[in-house]
Amino acid sequence: FAALVFARQLDVPGQLTKAVVAFLAFCAASSAMYLLNDILDVKQDRLHPEKCRRPIAGGKLSIRTAGLAAAVLGAVALGVGWYLGRGFLGILAAYVFITVAYSLGLKNVFLVDVLVISIGFVIRALAGA
């Protein structure tokens, strides 16, 4: 929403609605990515004294249900991204790609893990613009 404020577009008809829809698309995408990450880490999380209480690791949410929810949320996010236009869809797809790469192994690379997380925040700001 910062880009909308700084560009003085907050009062332009339709811009706030687009920003809210884009925000919801990123919420769906990031939720899908969190579920994916927890699915991939379930074995390690079950052995951890605190992470074992997470819904998937603790058995409160099945891997199958979490996977289905991640797929639905991801599809909704990309569908909304497509609706908002190619530019936004490209930014959203880049966010999903980078986050999947993080979950698949970049989180285990010194400094790269922090950079990937930081890039995720920059991508969200870019999407708002």
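Taking the stretch 88-111 on its own, how many of its residues are open to solvent by less than 50 Å² (accessible area, probe 1.4 Å) and assigned to a helix (DSSP H, G or I)?
Going residue by residue through the stretch 88-111, those that are open to solvent by less than 50 Å² (accessible area, probe 1.4 Å) are 88-96, 98-101, 103, 105, 107.
The next check asks that each one be assigned to a helix (DSSP H, G or I); those that pass are 88-96, 98-101, 103, 107.
Counting residues in the stretch 88-111 that are open to solvent by less than 50 Å² (accessible area, probe 1.4 Å) and assigned to a helix (DSSP H, G or I) gives 15.
Answer with yes or no whether Leu36 is aliphatic (A, V, I, L, M) and either open to solvent by less than 40 Å² (accessible area, probe 1.4 Å) or under 25 Å from Ala125 (Cβ atoms) (or both). Before the answer, list the steps.
Details: aliphatic (A, V, I, L, M): yes; either open to solvent by less than 40 Å² (accessible area, probe 1.4 Å) or under 25 Å from Ala125 (Cβ atoms) (or both): yes.
Here the answer is yes, as Leu36 does meet what is asked.
Count, please, the residues in the stretch 41-57 that happen to be open to solvent by less than 50 Å² (accessible area, probe 1.4 Å) and either charged (D, E, K, R) or touching a helix residue (DSSP H, G or I) at 6+ places or on another chain (Cβ under 6 Å) (or both).
5
Just one of Ala57, Ala28, Ala71 is among the hydrophobic types (A, V, I, L, M, F, W, C), closer than 30 Å to Ala7 by Cα and at pLDDT 95 or above; which is it?
Ala28
The values are calculated or read from the model by the stated rules, or taken from the named source; none is laboratory data. Since the structure is predicted, the reported quantities are computational estimates derived from the model, not experimental observations. Every residue, glycine among them, receives a Cβ derived from its backbone with ideal geometry; neighbour counts consider all protein chains shown. These area figures cover heavy atoms from the full protein model, side chains too; ligands, DNA and RNA do not enter into them. Shrake-Rupley method; radii C 1.70, N 1.55, O 1.52, S 1.80 Å.
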